[in-house]
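Taking it in order: structure first as structure tokens, then the write-up.
A short reminder: the numbers here are calculations on the coordinates, not readings from a lab. As the structure is a prediction and not an experimental result, all values here were calculated from the model. No Cβ is skipped: glycine too gets one built from the backbone with ideal geometry, and neighbour counts run over all protein chains shown.
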Amino acid sequence: MKTAIILHGMPSKKEYYNPKSSAQSNKHWIPWIQRQLILNDILAQTPELPEPYEPVYEKWASVFNKFQVDENTILIGHSCGAGFLIRWLSENKVKVGKVVLVAPYLDSDHDLKTGFFDFEINEDMISRTKGITIFVSTDDDKDILASTEELRSKLKNIQIKEFTNKGHFTFGGMKTEEFPELKEEVLK
């Protein structure tokens with residue numbers, strides 16, 4: 001059975017605790033892509049990751065590792081969720097399906113003090129995937145653009161889909177919850 005795991009990013013603490021704000025796994029395009037994958041017979045999961053405003057890798061990994069991940073698993077990560085996937089794939093020698101990183105964040109300025117990104121990118125990880133694609137928008141934050149360039153330089157044969165008007169691929173930047181380009185990439 002084909003499956004997918006979709007990981008959200010890192011909100012501010014204020015956004016996270018705002019009672020009027022949706023849970024992170026129910027924001028932006030995540031519910032839409034989950035439904036599109038389910039409609040295509042791909043069991044898609046969108047876990048809530050603990051304390052995402054101050055992420056600790058081991059806590060996120062404890063949630064992620066509850067899922068069976070194998071060559072039939074599509075991995076999709078947004079921002080810090082994409083950064084988590086890069087670390088997880090660097091540290092785990094598991095074969096997986098397609099990997100799509102949307103606005104990947106690797107904390108190139110070392111702002112996080114939790115050790116979340118204290119790892120070396122395993123340049124061989126792509127050989128254990130059915131391909132890695134990055135979605136990036138030129139009007140995103142400089143940290144995202146720097147993370148994308150770091151991945152481009154360290155991982156050979158990755159695909160980069162570049163946009164000019166999607167910001168950080170949030171509802172605010174995209175003005176929609178639909179993300180047909182992501183659906184097309186995942187299903188091809």
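Considering only Cα atoms, the convex hull volume of segment 70-128 works out to 76 Å³ per residue.
In this label model, N165 and N72 are separated by 4.1 nm, measuring between points 7 Å along each Cα→Cβ vector.
In this label model, A23 and I38 are separated by 1.3 nm, measuring between points 7 Å along each Cα→Cβ vector.
Applying the Kirkwood pairwise sum to the alpha-carbon positions of the chain produces a hydrodynamic radius of 16.4 angstrom.
If R0 equals 22 Å, the separation of the Cβ atoms of V63 and E91 corresponds to a calculated FRET efficiency of about 0.90. Using the average count of surrounding beta-carbon atoms within 10 Å as a protection proxy, the listed peptides 97-110, 157-170 rank, highest first, as 97-110, 157-170.
Assuming a ≥ b ≥ c are the square roots of the Cα gyration tensor eigenvalues, decide whether segment 100-159 counts as rounded (a/c under 1.5), prolate (otherwise, with a/b larger than b/c) or oblate. Cα axes put segment 100-159 in the oblate bin. Here the simple spin-label model places points 7 Å from the Cα toward Cβ, and for Y16 and D118 these points are separated by 1.9 nm.
Label reach from E181 (point 7 Å along Cα→C-beta): in segment 1-37, amide nitrogens under 15 Å belong to 29. Taking amide H atoms as placed 1.01 Å from N in the peptide plane, the amide H of I160 lies under 5 Å from those of I134, each 5 or more residues away in sequence or on another chain. For L7, the residues whose modelled amide H falls within less than 5 Å of its own, excluding neighbours fewer than 5 places apart on the same chain, are I76, G77, H78.
Per-residue ellipticity at 222 nm for the chain, helices alone: DSSP H runs ≥ 4 residues times -39500 (n - 2.57), over residue total, nearest 500 deg cm²/dmol? After summing the helix terms and dividing by residue count, I get -8500 deg cm²/dmol. Calculation over all alpha carbon pairs of segment 38-107 in 10 angstrom steps from 0 returns a P(r) of 18, 57, 23, 2 percent.
Rounded to the nearest 20 debye, the dipole magnitude of segment 59-173 is 540 debye, with +1 charges on Lys and Arg beta carbons, -1 on Asp and Glu beta carbons, and the Cα centre as origin.
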